[in-house]
Structures are given as structure tokens and as C-alpha cells.
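What follows is a short report on a single structure.
Read-outs throughout are calculated quantities, based only on the coordinates presented, and are distinct from any laboratory measurement. Note that the structure is predicted; figures quoted are calculated from it, not measured. Positions of Cβ are generated from backbone atoms using ideal geometry, with glycine treated the same way; all protein chains shown enter the neighbour counts.
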Amino acid sequence: MSENYLKFLRTRRSIRIFKPEPISDELIMKILDIARFAPSAGNRQPWEFIVVKRKNLLNRLSRIHRSAKPIARAPLAIVVICDKRLSPISYHVDCANTAMYIMLAAHALGLGTVWIQSLRNIEEIQKILNIPSDKVPIAIIAVGWPAEKPEPRPRKPLNELVHENTYS
Ligand SMILES: Cc1cc2nc3c(=O)[nH]c(=O)nc-3n(C[C@H](O)[C@H](O)[C@H](O)COP(=O)(O)O)c2cc1C
């Protein structure tokens, strides 16, 4: 079981090309149900989720920058929004945790995801999705049935990353 779980973590890939098939609401809710279990500072859970399915909204989100195009090819996107008043110090990391849970839950269900950068376009995304200014879109996650099987992206070798006791 634990080896399988480690393999599961190792085999997640960012997926940017999706089949046109829709995803049932039941699966989406299953993923978001798991997202609630991510850790957060003081267990404040400063996150909320917007499930975007409407084509014209997906298209607008896909144009916020050059690397956002996968959103236009996905049947839906989940926008993780974070209440910065609820967790002023940690809201970014809290919501990154729940975003990762979403990606892993989707992977467990055979769905593909890619995290789309949102932090340079916060106001634009707030405008497109009618999000109040105190709720920050931390991540846009395009979700769909994978239509590609990308090679693993390179990773830095472990010996360049690990320090013992002190940095040097
Ligand atoms: C904060 C963050 C922002 C990212 N932004 C984008 C993006 O805008 N467009 C995109 O196609 N991929 C984006 N990615 C996905 C990364 O490119 C991808 O995770 C990385 O290349 C490693 O590949 P892998 O996820 O397949 O292991 C983003 C990932 C993170 C964590």
C-alpha cells in the first residue's frame, strides 16, 4: 500500500490536453470533499472553490496569460479562492495545500489537472468571476479526462536538495 501510494504521488503529471467528455458533478464534489481535509494554519480553512464550467468564462480565463491556454481545452476549472482576512499570514500556503489536494484527488480518480498561474492576474480573475476583493484566487486548476500522456518533467537530484542539520 505505501509503495503504491508513493508511486501514485510520483506518477502525477500536469495534463494540458483533455478529452471533450464532461465530468459528473458527483466526481467534482468528491474531489472538493477531499480538498477540505488539507492542513491549514490554525485549521482556519480559508478556502472556497469556484467550479467554472461555462464555456465563455473558461475562454476568458484561458486568455489571462500565454500559459493559461489549457483552461480553454478543459471541461471545467476549479478556482481556489482564499480569504486573506481569515488567515493573513498563511493564506497563500493554506490554499496551496488545498489546491494540491484537489490535484491529487483528481489523479486518484483518473482525471488530469494542471495548475494555472493566477497570482499576476488577481484583479482580472476577480472581475471575470465576480469575486470580492478580499478573496484571492490562489490557483486555477484545469480539470479533465487526460488526452495526453506526457513524459515526466526533470527533477533536481536529491543530493542537491538535502542538507543535514545546517545549510552548510
Ligand atoms: C504555482 C504554479 C503555477 C503554474 N502555472 C502554470 C501555468 O500557468 N500554465 C501551465 O501550463 N502550467 C503551470 N504550472 C504547472 C507546472 O508547469 C508543472 O507543475 C511543472 O512543470 C512540473 O510538471 P508536472 O506537474 O507534470 O510534474 C504551474 C504549477 C504551479 C505549482
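Report whether or not Ile128 is surrounded by 17 or more Cβ atoms within 10 Å (Cβ to Cβ), in contact with a Leu (Cβ under 7 Å, 6 or more places away or on another chain) and under 22 Å from Arg66 (Cα atoms). Criteria met by Ile128.
Give the residue that is nearest to the ligand (Cβ to nearest atom), with candidates limited to residues of segment 126-162 that are closer than 25 Å to Leu111 by Cβ and of a type in the set (Asp, Glu). Only one residue fits best here, namely Glu151. Every condition in (1) farther than 29 Å from Glu21 by Cα; (2) within 11 Å of the ligand (Cβ to nearest atom); (3) of a type outside the set (Val, Ile, Thr) is met by Asn165 except one, and the failing one is (2).
Out of the residues in segment 10-52 meeting the condition of being of a type in the set (Asp, Glu) and under 12 Å from Leu76 (Cα atoms), tell me which one is nearest to the ligand (Cβ to nearest atom). Of everything passing the filter in segment 10-52, Glu21 is nearest to the ligand (Cβ to nearest atom).
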